[in-house]
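Asker: Below you'll find the structure I mean.
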Amino acid sequence: MSASPPFPSDHDRAATVTRLRAAGCVFAEDEARLLISAARTPAALAAMVDRRAAGQPVEHVLGWAEFCGLRIAVDPGVFIPRRRTEFLVRRAAALARRAAPGPQDPARPRAVVVVDLCCGSGAVGAALAAALGRVELHAADIDPAAVRCARGNVAAAGGQVYQGDLYGPLPARLRGRVDILAVNVPYVPSGDVGLLPPEARAHEPRVALDGGADGLDVLRRVAAGASLWLAPGGHLLVETSEHQAPRAAEAVGRDGLIPRVAHSSRLNATVVIGARPRGQGK
Ligand SMILES: C[S@@+](CC[C@H](N)C(=O)[O-])C[C@H]1O[C@@H](n2cnc3c(N)ncnc32)[C@H](O)[C@@H]1O
């Protein structure tokens, strides 16, 4: 009986690249490397390549996405965290550090209270917890598949995940206590959902993408509820597109928050930030 050839062989590598390239994968070499490192056997690799060639996003095939240097588990049917959202995390982390200096400051030893609303996989909350070290983390999403996925990703930070519509499922004790309300809402205008890449249209749920007629329906509802939950001096951060930003900022300002817009041209990312003035009581 002859021994089976070592896996992965040069032939496995070349065949995987060729198959992915033929299926239209632009980054065939990179994806082949990732799939090969994830597959334990030739059969497992073949199954993964089949799924990718059939159009599933590589992150769903692998079961994870890289986000802020972390491996975030992403189940099939759950929104894949985008690189641009790292900008929201960076802005939120900088504001959180100012809100409550960490345990190294004995005068203010409390953990920063972070809420990741519309959490999807929980990537934003998990990344903030990793960046800040000591947080009280809460996350929520309307989609049960997202909630299941997020529970695994925020567990390391001791985070809680709730299922329901926006603020509805959050515990009432968080009212007036949230330092950072980080929200990546769906913000694609309904009429533009059909223009998204096929991977997003076919493999991410519509509820994760569709923001209503002008893309701002969910954002407006988030903005309208934010001051009830934010601590004085706390911040709402919500991702939007550059051209939606003026209307998004107006919505954030309507409920008593002080709005401003931050943009990263490197990541093509826009975040509207709303500050709850410190002078306001609970
Ligand atoms: C663009 S995805 C963002 C997911 C995650 N925050 C991220 O950046 O990877 C939007 C998420 O909002 C959730 N969502 C949409 N409408 C919602 C609502 N009314 N209440 C709670 N979550 C909602 C979707 O299920 C989806 O997971």
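The values are calculated or read from the model by the stated rules, or taken from the named source; none is laboratory data. Everything quoted here is computed from the prediction, not taken from an experiment. Ideal geometry is used to build each Cβ from the backbone, glycine not excepted, and the neighbour counts take in all protein chains shown.
Asker: Name the residue, out of 32, 96, 92, 43, that is surrounded by fewer than 14 Cβ atoms within 10 Å (Cβ to Cβ) and either assigned to a strand (DSSP E or B) or among the aliphatic types (A, V, I, L, M) (or both).
Answerer: Answer to the selection: 43.
Asker: Answer yes if at least one residue in segment 110-127 is of a type outside the set (A, V, I, L, M), in a helix (DSSP H, G or I) and within 12 Å of the ligand (Cβ to nearest atom), and no otherwise. Steps first, answer last, please.
Answerer: Going residue by residue through segment 110-127, those that are of a type outside the set (A, V, I, L, M) are 110, 116, 118-122, 125.
If we keep only those that are in a helix (DSSP H, G or I) as well, we get 125.
Filter again for within 12 Å of the ligand (Cβ to nearest atom), leaving 125.
So far as segment 110-127 goes, yes, one or more of its residues are of a type outside the set (A, V, I, L, M), in a helix (DSSP H, G or I) and within 12 Å of the ligand (Cβ to nearest atom).
Asker: Among (1) within 9 Å of the ligand (Cβ to nearest atom); (2) acidic (Asp, Glu); (3) more than 17 Å from residue 142 (Cβ to Cβ), where does residue 179 come up short?
Answerer: Failed condition: (1).
Asker: Within segment 32-69, how many residues are under 23 Å from residue 209 (Cβ atoms) and not β-branched (Val, Ile, Thr)?
Answerer: Count: 15.
Asker: Could you tell me whether segment 189-200 includes any residue that is touching a helix residue (DSSP H, G or I) at 6+ places or on another chain (Cβ under 6 Å) and modelled with pLDDT of 95 or more?
Answerer: No, segment 189-200 has no match at all.
Asker: For residue 32, only one of the following conditions fails: (1) more than 22 Å from residue 83 (Cα to Cα); (2) in contact (Cβ under 8 Å) with a residue 12 or more places away in the chain. What is its number?
Answerer: (1)
Asker: Has segment 138-148 got any residue that is surrounded by fewer than 24 Cβ atoms within 10 Å (Cβ to Cβ), away from the ligand (no atom under 14 Å from the Cβ) and farther than 21 Å from residue 271 by Cα?
Answerer: no
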